[in-house]
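Every number here is computed from the coordinates shown, using simple stated rules; none is lab data. None of the values given here were measured: they were computed from a predicted structure. Cβ atoms come from the backbone with ideal geometry, glycine included; neighbour counts cover every protein chain shown.
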Amino acid sequence: MEKISGGSTFSGLSRFPSNAKWRVPPSADLQAILSSGTVEESVVHSRVRRLLERMYREGRLCSATSATDIGVVMNEIFPMPGQLDQAAYERYIDPADRTMVYHSVRDAYTTPNTANRANLGTAMQDAATTALAVSNDATGLRAVFGPTEWSTAQAGYRLIHNRLIAISADIEHRISTDYNLDAEETFLGRWASFDDQHIHLLSRVVSDPLTPQSKVTLLHEASHLAASRIDDYGYYGSPGFEAAEEATKVNNAAHYEELPRRIWGISRYAGQTFTPGLSSSGAPLTTEEQIRAEGVEYYRLAWDAAANFDKLIKDVRRNQLDGTPLDGATVARMLEVSPLMDLTLHEQMISPPEVTGLDITTSESIVRAMGMAMRNVPNVPNVMPMGSFLSAADEIAAGVSLAVDAAMAAYGGLLGDAARDRRLVDWLHDHYRNVYP
Ligand SMILES: [Zn+2]
């Protein structure tokens, strides 16, 4: 069971990757699903419609079209029972564009091309050198990690250095990447597995590893391999990042980014001393700031769980293509999640169900939605709860609940039903690091 430790793309809460968008299956896949009869046609239509609606919302059906009514688009694509009109479909969806059409679960998890490996190795060695330099900077370590934990962080950087050196010597087995762009679609960016000492990277990091941002990614992921206690407890630049407690910072991968970022010239907090509970202006966090920080964290956990489910369902898809049988616990988990996400699995007439292209694209669209809702949390209005509360903690909890709903509403909703959206967000949040059976 691999756990995923999340992505760097969240570090810029205000930045939106314009090249990553919803995707749909290729027309041949959809026609095959229709022809196979494993799912009722109305189910196929409802799933396709929702994916097209989500793509439309991001302004990304082909610009050659002027359709604003998805019902019209659906009638063109599915003119008769059992049939998909490929030409109509491809008026809206460019079949060659991987940012629009899901091509290959195999390409989504593969070893870096030989041509990319030399630079990747150099970048890891550069990052290792910086980690070692930082480990000798007691002043900087105290400023970021605090007077109690700085020496633990120092030991952490020495381990990070060692891991980067070790991995740079075995890229073929220790690094994987994604030429199918799944990790961009879902904002995942990258993940790391301490148990397997393995790192998964965006293809753009693999093909352009020597930039400061790519080196930050490599160092962040290597920190997860350095010690299992180093996890994700808030991404770089997220609300309250500079105000985190010492005990959190020393175990948070993103805080290990800060001193190397200062050296590489891409810190947001250059020269600052971090003080728990204080924002970078030196003021204590207000109740509203605490609500927003916890609201972001709520979605971060939900997003992380959604990314893990997305990995699980794509692993299953690869296994099914290979003819590897599924275990019962995995089938049970997929059937538990399918009605929450409106996948097709619980609607199928075969057992065990077959993971279709519709399920894969719907799953990844939900990971993406969790990431987009998370980015809304810092800016949604009216997160302060009304009334009086027994404690500050109760007030913050009530505010977080408001923020979670408001952020999903600002995204536009997922399932056409705010209560169902919330049930899905809560299920994911509650299954953080517990999605794999
Ligand atoms: Zn991480």
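Here region 251-277 and region 168-185 have alpha carbon centers that stand 26 Å from each other.
Let me know the longest stretch in the chain that avoids all trypsin sites (Lys or Arg not before Pro) found in a DSSP loop with at most 15 other C-beta atoms within 10 Å.
Segment 269-432 is the longest.
For Val101, the amide hydrogen comes within under 5 Å of the amide hydrogens of Val24, counting only partners 5 or more places away or on other chains and with H modelled in the peptide plane. Taking the Cα centre of region 287-430 as reference, the dipole from Cβ charges on Lys and Arg (+1) and Asp and Glu (-1) amounts to some 300 debye. Taking Cα centre as origin and charging only the Cβ of basic (Lys, Arg, +1) and acidic (Asp, Glu, -1) residues, the dipole magnitude of the chain rounds to 900 debye.
Farthest toward the positive end of the dipole of region 194-316, out of Tyr235, Ala247, Ser267, is the Cα of Ser267, where the dipole comes from beta carbon charges about the Cα centre. Full extension of the chain segment joining Ala166 with Asp195 gains 8.9 nm, where the gain is 0.36 nm per residue of separation less the Cα-Cα distance.
Rounded to the nearest 500, the helix-only mean residue ellipticity at 222 nm of the chain stands at -17000 deg cm²/dmol, with each DSSP H run of n ≥ 4 adding -39,500 (n - 2.57).
Label-to-label distance for Thr248 and Glu40 is 4.7 nm, based on points extended 7 Å past Cα in the beta-carbon direction.
Quick one: if you stick a label point 7 Å off each Cα along the C-beta vector at Arg423 and Arg229, how many nm between them? Between Arg423 and Arg229, the simple spin-label model gives 4.1 nm.
Taking 0.36 nm per residue of sequence separation and removing the Cα-Cα distance, the Gln125/Glu58 pair yields an extension gain of 20.2 nm.
Note that region 276-293 has calculated 3J(HN,Hα) couplings of x, x, 10, 6, 5, 7, x, 8, x, 5, 6, 4, 5, 5, 5, 4, 5, 4 Hz, one per residue in order, obtained from phi through the Karplus relation 6.51 cos²θ - 1.76 cosθ + 1.60 (θ = phi - 60°); glycine and proline are x. The 3J(HN,Hα) values that the Karplus relation (6.51, -1.76, 1.60; θ = phi - 60°) gives for region 43-53 are, in residue order, 5, 4, 4, 5, 6, 4, 4, 5, 4, 5, 4 Hz. Gly and Pro appear as x. Expressed as a fraction of 2.2 N^0.38 Å, the value expected for a compact globular protein of N residues, the C-alpha radius of gyration of region 375-437 is 1.26. Counting only DSSP beta bridges whose two residues both lie in the chain, roughly 45 percent are antiparallel. With each label modelled as a point 7 angstrom along the Cα→C-beta vector, the Leu285-Thr110 pair spans 4.3 nm. What the Kirkwood sum gives for the chain is a hydrodynamic radius of 22.8 Å, with every pair of different alpha carbons counted.
Length available on full extension from Phe389 to Gln213: 0.36 nm per residue minus the Cα-Cα distance, which gives 59.0 nm. For Tyr269, neighbours were defined as the other residues whose beta-carbon sits under 14 Å from its Cβ, and their charges (Lys and Arg +1, Asp and Glu -1) total +1. Taking the fewest neighbouring Cβ atoms within 10 Å as the starting point, the ordered list for Ile350, Ile366, Ile291, Ile171 is Ile350, Ile171, Ile291, Ile366. Across region 122-135, coupling constants 3J(HN,Hα) worked out from phi with the 6.51/-1.76/1.60 Karplus curve, θ = phi - 60°, read 4, 4, 5, 5, 4, 5, 5, 4, 5, 4, 5, 4, 4, 5 Hz, and Gly and Pro carry x.
Computed over region 287-430, the range of Cα coordinates on each principal axis works out to 57, 26, 21 Å, biggest value leading. Around the Cα centre of region 27-92, unit charges on the Cβ atoms of Lys, Arg, Asp and Glu (plus for the first two, minus for the last two) sum to a dipole of about 240 debye.
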